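What follows is a short report on a single structure.
The values are calculated or read from the model by the stated rules, or taken from the named source; none is laboratory data. Please read all numbers here as calculations on a predicted model, not as lab measurements. Cβ atoms come from the backbone with ideal geometry, glycine included; neighbour counts cover every protein chain shown. Please note that ligands, DNA and RNA were not included when accessible areas were found on the heavy atoms of the full protein model with its side chains. Shrake-Rupley method; radii C 1.70, N 1.55, O 1.52, S 1.80 Å.
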Amino acid sequence: MRISVSSDMDEPVARSLVAALRDRGHEVRPHGALRPGDDPQWAVCSQAAAREVADGTADQAVVCCWTGTGASIAANKVPGVRAALCTDAYTADGARRWNDANVLALSLRLTSEPLLKEILDAWFAGAPSTDAEDRQNVDRVRLFDHGNTRR
């Protein structure tokens with residue numbers, strides 16, 4: 001899988017993330033502080049990674065900043081992106097299952113290496129739900145991308 005990864009800081013957990021994804025056999029497309037010469041601001045690099053998901057250059061993305069909040073906000077501004085800030089494995093599984101999330105947002109402050117492994121295990125094991133209500137919710141979110149907020 002092609003995975004875009006962004007981080008606004010070159011932190012040990014960000015480097016561990018890149019290594020873990022490569023160890024799992026994924027092609028990593030780095031952004032921000034993970035790519036020399038890139039703009040490391042969280043808004044810029046998170047949106048760059050998310051755009052690659054939206055345009056099909058990447059299958060998924062992982063965006064990181066100190067809290068993970070800014071990275072998730074920036075990523076979610078890209079139409080077609082459903083970014084989820086996940087601080088544990090259960091949330092990562094639910095984000096993939098019920099929300100069909102295609103971008104994982106992580107906190108550089110809160111995510112330890114053991115927790116990172118648990119979150120990635122849950123994220124990649126999760127699959128979008130086929131439940132009709134879950135699909136309707138995801139479809140409704142897609143409409144938001146086109147400015148349609150009415151029923």
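Numbers for the structure displayed
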item: Test: residue in the range 38-56 that is under 16 Å from Pro128 (Cα atoms), within 13 Å of the chain's Cα centre (by Cα) and open to solvent by 60 Å² or more (accessible area, probe 1.4 Å); result: no
item: Near pairs, Cβ below 8 angstrom, 6+ apart or cross-chain, from the range 122-133 (surrounded by 11 or more Cβ atoms within 10 Å (Cβ to Cβ)) to any residue that is among the aromatic types (Phe, Trp, Tyr); result: Ala122/Tyr90; Ser129/Trp98
item: Pairs where the first residue, in the range 16-42, is closer than 13 Å to Arg2 by Cβ and the second is open to solvent by 30 Å² or more (accessible area, probe 1.4 Å) and assigned to a helix (DSSP H, G or I), C-beta under 6 Å, 6+ apart; result: Val28/Arg22
item: Only listed residue being closer than 20 Å to Val13 by Cα and not in a helix (DSSP H, G or I), chosen from Asp38, Asp121; result: Asp38
item: Residue tally, condition more than 13 Å from Gln41 (Cβ to Cβ) and part of a helix (DSSP H, G or I), over the range 62-72; result: 2
item: Selected residue (only one of Asn99, Asn137 is under 14 Å from the mean Cα position of the chain (by Cα) and open to solvent by 80 Å² or more (accessible area, probe 1.4 Å)); result: Asn99
item: Inter-residue pairs, beta-carbon under 8 Å, first free of Cβ contacts under 8 Å to residues at least 24 places away in the same chain and in the range 95-116, second crowded, with 17+ Cβ neighbours inside 10 Å, 6+ apart; result: Ala101/Arg82; Ala101/Ala83; Ala101/Ala84; Ala101/Ala95
item: Breaking point among (1) within 12 Å of the chain's Cα centre (by Cα); (2) open to solvent by 20 Å² or more (accessible area, probe 1.4 Å), for Val62; result: (2)
item: Subset tally (residues that are open to solvent by 70 Å² or more (accessible area, probe 1.4 Å) and either over 13 Å from the mean Cα position of the chain (by Cα) or hydrophobic (A, V, I, L, M, F, W, C) (or both)) for the range 1-28; result: 8
